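This report concerns only the one structure given below.
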């Protein structure tokens, strides 16, 4: 068993971070659906119950939850070129995502619990109007191909 | 800058409607045109297809 307490803080922290990153990837189900492009302040990816600080370049998978703190913001680009930007105090579940780059067909469902979100839809909405949806506690947004913004008030 | 400006617009609009649980706004493309979104809930559906249309 690895005794991290016997190591100096630097290496111990690095090893712990590496283990957390490995465990996070191991919990991912299915192919990568998006990549983190921008991060500001407190932003985490929750995967299989594990919270990992988001970094530029990180892979994002179906069923991941994106969460930002009071000073946080994060930007993602999906494989269909949809761009999603979440502002402070946001929580968004990437519940469903599939995209076939050979024919541009696919579907996307994001569950937005709270916060602010702007999206520029990509190939899914372009090829299949209505196949991209954002669900909030009060309504479902069907996207026909556009840029839009959503704010959901709530508390964690 | 555009996402930041969009979030700012959203926060300004939200300030005009403090009782709302959610706010949806269509943003214009670079050429000034806009696509469309459909907001469905409570047995009603609202189509927003103009720049800065909100529901």
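The values are calculated or read from the model by the stated rules, or taken from the named source; none is laboratory data. Just so we're clear, the structure is a prediction, and the values are computed from it rather than from any experiment. Counting neighbours? That spans all protein chains shown, and the Cβs are built from the backbone with ideal geometry, glycine included.
Couple of notes before you dig in:
- Yes/no for residue A:92 being at pLDDT 95 or above and within 23 Å of residue B:39 (Cα to Cα): yes
Matching residues to (1) crowded, with 24+ Cβ neighbours inside 10 Å; (2) assigned to a strand (DSSP E or B):
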residue: A:129; (1), (2): no, no
residue: A:133; (1), (2): no, yes
residue: A:137; (1), (2): no, no
residue: A:142; (1), (2): no, yes
residue: A:151; (1), (2): yes, yes
residue: A:154; (1), (2): no, no
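- The range A:78-100: number of residues that are surrounded by fewer than 22 Cβ atoms within 10 Å (Cβ to Cβ) and away from chain B (no Cβ under 14 Å): 7
- Enumeration of residues in the range A:57-72 that are within 21 Å of residue A:30 (Cα to Cα) and buried (at least 20 other Cβ atoms within 10 Å of the Cβ): A:58, A:60, A:61, A:64, A:66, A:67
- Close contacts from the range A:58-77, counting a first residue that is within 14 Å of chain B (Cβ to nearest Cβ) and over 23 Å from residue A:99 (Cβ atoms) and a second that is part of a strand (DSSP E or B) and modelled with pLDDT of 95 or more, with Cβ to Cβ under 6 Å and a gap of 6+ residues or different chains, come to A:68/A:43; A:68/A:74; A:68/A:86; A:72/A:43; A:73/A:40.
- Residue count, the range A:130-156 (criterion: more than 10 Å from every other protein chain (Cβ to nearest Cβ) and more than 18 Å from residue A:43 (Cβ to Cβ)): 2
- Residue check for residue B:27: touching a helix residue (DSSP H, G or I) at 6+ places or on another chain (Cβ under 6 Å) and at pLDDT 95 or above: yes
- Test: residue in the range A:101-114 that is surrounded by 22 or more Cβ atoms within 10 Å (Cβ to Cβ), facing another protein chain (nearest Cβ under 8 Å) and modelled with pLDDT of 95 or more: no
- Filter result for residue A:127 (at pLDDT below 95, farther than 21 Å from residue B:37 by Cβ and within 14 Å of another protein chain (Cβ to nearest Cβ)): no
- Evaluated against (1) more than 20 Å from residue A:154 (Cβ to Cβ); (2) at pLDDT below 95; (3) assigned to a loop (DSSP other than H, G, I, E, B), residue B:52 falls short on exactly one condition, (2).
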